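Below: the structure, in structure tokens.
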Amino acid sequence: MCMVIFAPLFAIFAFATCGGYSGGLRLSVDCVNKTESNLSIDIAFAYPFRLHQVTFEVPTCEGKERQKVALIGDSSSSAEFFVTVAVFAFLYSLAATVVYIFFQNKYRENNRGPLIDFIVTVVFSFLWLVGSSAWAKGLSDVKVATDPKEVLLLMSACKQPSNKCMAVHSPVMSSLNTSVVFGFLNFILWAGNIWFVFKETGWHSSGQRYLSDPMEKRSSSYNQGGYNQDSYGSSGGYSQQAGLGPSSDEFGQQPSGPASFTNQI
């Protein structure tokens, strides 16, 4: 039930916070010649974070000449892989929810449905782990590449001590941090659901039968041993009673000895 409720929601939060991100930073370059300065340089970037394609123009503080600068890095592969896993996990969890609610009898009719569900759950658990780890590394690279201090080092005007370069506004990465958190939460959710899906498969029931067979054999052998012991005890008791018969007869004949002796006297 937890899988049905939380899996679609966690997947939505994962790909929405990553795939829908757009941010930016603002820099200022104050040249010695104030007419050449630019105190509001806006740099915008967004998903899928192909930062090497993000370009902007900055003053060189050497006349009217402008310098075209591009950010460094490309985290599109890890970001797109993460979002793709989240979207497909969302679609599968919705389909599984429909099957669990409306087609429960057909789902349990044969072992094919639980086996497919088990395999897909294992695969998505692995994909969530790989995708979340890769995106966490990609997000770390994005943070470094969009750090205002690192971007200022790319400008030739900022390498001259006479010019003043500073960051006006830094990018906000809170939603991207949230996407990484939900990525690992999805991994925990799907990995924890493996056991519950495995219990629905025939592998789990066959394992229980395999464990129950030795117990049945032990109990049957114990019952057979008890039966033989009882039969042995009953036969032994009968033989003992049979052995007591003659001894009692002999004991009963002992008075005849003195009687005959009296008669002789």
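Across region 14-26, the number of residues qualifying as in contact with a His (Cβ under 7 Å, 6 or more places away or on another chain) and open to solvent by less than 20 Å² (accessible area, probe 1.4 Å) comes to 1. Residues in region 155-166 that are aliphatic (A, V, I, L, M) and exposed (fewer than 15 other Cβ atoms within 10 Å of the Cβ): 1 in all.
The residues listed here are Ala89, Ala95; of these, the one that is among the aliphatic types (A, V, I, L, M), in a helix (DSSP H, G or I), touching a helix residue (DSSP H, G or I) at 6+ places or on another chain (Cβ under 7 Å) and under 25 Å from Ser179 (Cβ atoms) is Ala89. Say whether the condition of being of a type outside the set (S, T, N, Q), surrounded by 12 or more Cβ atoms within 10 Å (Cβ to Cβ) and farther than 26 Å from Gly138 by Cβ is met by at least one residue in region 84-95. Yes, the conditions are met somewhere in region 84-95. Which is in contact with a helix residue (DSSP H, G or I) (Cβ under 6 Å, 6 or more places away or on another chain), touching a residue at least 12 places away in the same chain (Cβ under 8 Å), open to solvent by less than 20 Å² (accessible area, probe 1.4 Å) and part of a strand (DSSP E or B), of Val29, Val58? Exactly one of Val29, Val58 is in contact with a helix residue (DSSP H, G or I) (Cβ under 6 Å, 6 or more places away or on another chain), touching a residue at least 12 places away in the same chain (Cβ under 8 Å), open to solvent by less than 20 Å² (accessible area, probe 1.4 Å) and part of a strand (DSSP E or B), namely Val29. Scanning region 111-152 for residues that are touching a helix residue (DSSP H, G or I) at 6+ places or on another chain (Cβ under 8 Å) and either within 18 Å of Thr201 (Cβ to Cβ) or not in a helix (DSSP H, G or I) (or both) gives Asn111, Gly113, Pro114, Leu115, Asp117, Phe118, Val120, Thr121, Val122, Phe124, Ser125, Thr146. Candidates Phe10, Phe6, Phe103, Phe45: the one that is buried (at least 18 other Cβ atoms within 10 Å of the Cβ) and more than 30 Å from Ala157 (Cα to Cα) is Phe10. Restricting attention to region 167-187, the residues that are more than 17 Å from Leu71 (Cβ to Cβ), touching a residue at least 60 places away in the same chain (Cβ under 8 Å), surrounded by fewer than 18 Cβ atoms within 10 Å (Cβ to Cβ) and among the hydroxyl-bearing types (Ser, Thr, Tyr) total 2. Taken across region 131-146, residues that are among the β-branched types (Val, Ile, Thr), closer than 18 Å to Ser22 by Cα, in contact with a strand residue (DSSP E or B) (Cβ under 7 Å, 6 or more places away or on another chain) and surrounded by 14 or more Cβ atoms within 10 Å (Cβ to Cβ) do occur, with at least one present.
Selection of region 61-84 for residues being assigned to a helix (DSSP H, G or I), in contact with a helix residue (DSSP H, G or I) (Cβ under 7 Å, 6 or more places away or on another chain) and touching a residue at least 60 places away in the same chain (Cβ under 8 Å) yields Ser78, Ala79, Phe82, Val83.
The values are calculated or read from the model by the stated rules, or taken from the named source; none is laboratory data. Keep in mind that what you see is a predicted model, and the values were worked out from it rather than measured. Don't worry about glycine lacking a Cβ; one is built from the backbone with ideal geometry, like all the others, and counts go over all protein chains shown. Note: accessible area is taken over every heavy atom of the protein model, side chains too, but ligands, DNA and RNA are not part of it. Shrake-Rupley method; radii C 1.70, N 1.55, O 1.52, S 1.80 Å.
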